[in-house]
Amino acid sequence: MPEENRAAFHRLETMLLIRAYEHQLVELQRTGAPGTCTSVGQEACAVGVVEALDARDRIVTNHRSAGHLIARGAEPRRLMAEVLGRVDGYCGGRSGSLHISAKELGVVLTSTIVGGELSMAPGVALAQKMGAGNSEPGGIVAVFFGDGAACEGIFHEALNLAVQWQLPLLFVCENNQWQAFVHRLETMPDKAISAWARGHGLPVDSVDGNDVDAVHAAAARAVAHIRATGGPAFLELSTYRQRGHYEPDDQAYVDSAELQAWLQRDPIRMQGERLTAKGLIDAAGLAALELRVRETIATALDFAQASAWPTPDTLLEHVYA
Ligand SMILES: Cc1ncc(C[n+]2csc(CCOP(=O)(O)OP(=O)(O)O)c2C)c(N)n1
């Protein structure tokens with residue numbers, strides 16, 4: 001199979017895996033497990049961008065991080081163990097879904113403080129540039145944040161610093177149209193995010209965030225620019241948060257016509273249709289792929305539920321003071 005087709009398949013399977021993982025978390029939450037903020041509908045952003053990074057690179061992410069982690073190669077069973085607070089989780093069960101970090105994957109941190117990721121990413125990028133700490137030569141940093149974070153002052157501070165200090169930093173705004181329970185058009189003019197970024201004098205690309213191939217192509221261009229110049233680049237990915245802000249959320253405030261329109265452009269559906277149109281997959285092939293990811297998630301759940309709770313005598317371990 002040509003490389004291009006293999007990549008297209010891999011993107012579809014990774015998006016399916018992210019979706020199945022998050023749907024499992026939603027189910028778990030209904031039975032009393034800790035709630036999470038899912039990225040359902042935004043999988044193409046995570047998969048397209050993370051695939052353009054390499055092992056030297058670092059990721060700084062936010063409260064919708066499952067896609068970024070899974071696209072980076074995180075094991076769903078260890079993620080699930082983390083969310084359930086078990087010792088086999090990436091942070092020994094101490095972080096839940098909102099504060100995960102995975103050093104072995106180069107995922108430096110998950111910030112649940114909106115804009116917190118933007119305040120820390122320039123520092124991580126400066127370390128990469130200086131060859132400090134655990135950085136690797138030539139490595140860059142990708143920071144993921146939402147349209148709500150783009151309304152905060154730190155957005156401009158981070159962009160200004162990255163441009164002035166020429167930091168190897170890829171800004172990735174997942175514009176999912178929502179800021180918790182507020183539609184973004186109540187807080188900003190349409191098309192504001194890219195315009196604001198452009199004002200800081202760095203390359204800016206606005207892309208259909210539900211088209212995984214388009215996201216990947218734009219991310220690859222941005223990463224190439226950062227590696228060639230050492231300076232930052234910016235991507236705005238237009239997408240849609242299909243589920244609520246967190247679980248459970250009845251989405252009573254959502255315009256159902258808007259939601260339905262975006263569901264027609266679901267990123268997994270679009271990639272499935274693209275592969276089908278190329279004759280690379282059929283309905284049976286899609287069903288087999290879906291079955292495979294469901295089995296992976298079922299095994300992950302068994303693993304997570306069988307994992308032990310941290311014991312009280314470890315309470316003060318990993319505490320920084
Ligand atoms: C500084 C701060 N203010 C408010 C909150 C509560 N909060 C959590 S997520 C969120 C919405 C963020 O919107 P956006 O940045 O667009 O990200 P999205 O949730 O859409 O992915 C808010 C207001 C917070 N965690 N941190």
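I need the shape label for the chain. Rule: rounded when a/c is under 1.5, else prolate if a/b > b/c, else oblate, with a, b, c from the alpha carbon gyration tensor.
Rounded, because the longest to shortest axis ratio a/c is under 1.5.
Helix-only mean residue ellipticity at 222 nm, the chain, DSSP H runs n ≥ 4 weighted -39,500 (n - 2.57), per residue, nearest 500. What is it?
Value at 222 nm, helices only, nearest 500: -14500 deg cm²/dmol.
Normalised by the residues of the chain, what does the relative contact order come to in percent, with Cα pairs under 8 Å and at least six apart?
24 percent
How do 309, 262, 165 line up, fewest other C-beta atoms within 10 Å first?
Placing the least packed residue first, the sequence is 309, 165, 262.
List the lysines whose alpha-carbon lies under 17 Å from that of residue 103, not counting same-chain residues fewer than 8 positions away?
none
Using a 10 angstrom Cβ neighbour count of at most 12 plus a DSSP loop assignment to flag exposed trypsin sites (Lys or Arg not before Pro), which longest range of the chain is free of such sites?
In the chain, the maximal stretch lacking such sites is 1-190.
I need the helices of the chain that pass two filters: whole DSSP H segments spanning 30 Å or more by Cα along the axis, and mean Kyte-Doolittle score no lower than -0.5.
Qualifying helices: 283-306.
Gap in Å between the Cα centre of the range 296-321 and the Cα centre of the range 197-246?
35 Å
Placing +1 at every Lys and Arg Cβ and -1 at every Asp and Glu Cβ, with all other atoms neutral, what dipole size does the chain have around its Cα centre, in debye to the nearest 20?
That gives the chain a dipole magnitude of about 480 debye.
All of the numbers you see were taken from the coordinates with simple rules; none came from a lab. All of these numbers come straight from a predicted model, not from anything done at the bench. Cβ sites come from the backbone with ideal geometry, for glycine too, and all protein chains shown count toward neighbours.
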